[in-house]
Amino acid sequence: MSDNDVSMRKVLAIVTNYGVEQDELLVPLEHLRGWGADVDVAAVSAGDVQTLVGDKAPGKTVRPELTLRQVDPADYDLLLVPGGTLNADRLRRQDSATEIVRSFTSTGRPVAAICHGPWALVEAGVLEGKKLTSYPSLRTDIRNAGGEWVDEPVIKDDSRGWPLITSRNPGDLGPFLREIDEMLAVNAR
């Protein structure tokens, strides 16, 4: 196993227990676990996470491995912040979630956020000078937080001492996952 082997990487996905967009959580989980990465889902509570499809229809449920308060961010190589309007709006109001985001960014470890997920980064106050994308309705929030918002399928920004990968919606999961794969392959613990 080489030092660049994805199977040596640990990924943390942070969510609330209701409203995360199904494919923005499950597709990355299945993809990364398929490569052998160790992926933990941390939620507000230990109960099941109810995903939604298109912010409306109930999707699959996911059992989290731990709660947000139990997370030691130092144990992980990459932070995944999926969207879903309800999930992202609730997640950004969780102090433990914004503390996790700040821990990753202050130590130079990568963050990958999709759709409404960047709201957690806005709330954590870490977007000053960063270029990113998101669901279009976050454009003003991102700009007000000092970020540069662009409308592209995926943006990777290595500035300001920490890598950020962002995408707009579930339709961008292909390029989003390619950037995550590359990031995990080159960033040794």
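None of the figures in this text is laboratory data; all of them are computed from the coordinates on show. Please read all numbers here as calculations on a predicted model, not as lab measurements. Quick reminder, even Gly has a Cβ in these numbers, built from the backbone with ideal geometry, and neighbours come from all protein chains shown.
Quick notes on this one:
- Only one entry of ALA37, ALA74 meets the criterion of being surrounded by 15 or more Cβ atoms within 10 Å (Cβ to Cβ), of a type outside the set (Phe, Trp, Tyr) and over 18 Å from LEU121 (Cβ atoms), and that entry is ALA37.
- Candidate set from region 123-142 (those that are exposed (fewer than 13 other Cβ atoms within 10 Å of the Cβ) and not β-branched (Val, Ile, Thr)); member that is nearest to ALA88 (Cα to Cα): SER137
- Single residue of ARG90, ARG109 found to be assigned to a loop (DSSP other than H, G, I, E, B) and under 15 Å from the mean Cα position of the chain (by Cα): ARG109
- Counted residues, region 88-130 - those being closer than 20 Å to ASP172 by Cβ and of a type in the set (Phe, Trp, Tyr): 1
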